[in-house]
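The values are calculated or read from the model by the stated rules, or taken from the named source; none is laboratory data. Note that the structure is a prediction, hence the values are computed from the model and not measured. Note: ideal-geometry Cβ built from the backbone for every residue, glycine included; neighbour counts use all protein chains shown.
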Amino acid sequence: MMMSYDDNYDESKGEYWSWESMTDFDKAVVVGLYFWHAVNIIGICYLIYKFIKGIRQRTETALADS
């Protein structure tokens, strides 16, 4: 979808990758891309949280058994 912006970029509309030089479709794609990045970051943080929580639980269980 971002190839559409590259293919149709017009210098007279503004600097490359500026908000003014984008069509509504390009703006929607950029916002969607930023949203997707945020979802991925939240997902990675959740996986790290679950991993650390699992390690702590196993460590506490091992210490309680000894």
>> For the range 1-37, which positions are on the phi > 0 side of the Ramachandran plot and among the aromatic types (Phe, Trp, Tyr)?
In response: TRP17
>> Can you report the number of residues in the range 16-42 which are part of a loop (DSSP other than H, G, I, E, B) and of a type in the set (D, E, K, R)?
In response: 0
>> It is to be established whether one or more residues within the range 15-35 are more than 19 Å from the chain's Cα centre (by Cα) and basic (Lys, Arg).
In response: no
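A quick yes/no check of all residues on (1) of a type in the set (Phe, Trp, Tyr); (2) modelled with pLDDT of 95 or more; (3) loosely packed, with under 10 Cβ neighbours inside 10 Å:
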| position | (1), (2), (3) |
| --- | --- |
| TYR46 | yes, yes, no |
| TYR49 | yes, yes, no |
| LYS53 | no, yes, no |
| THR59 | no, no, no |
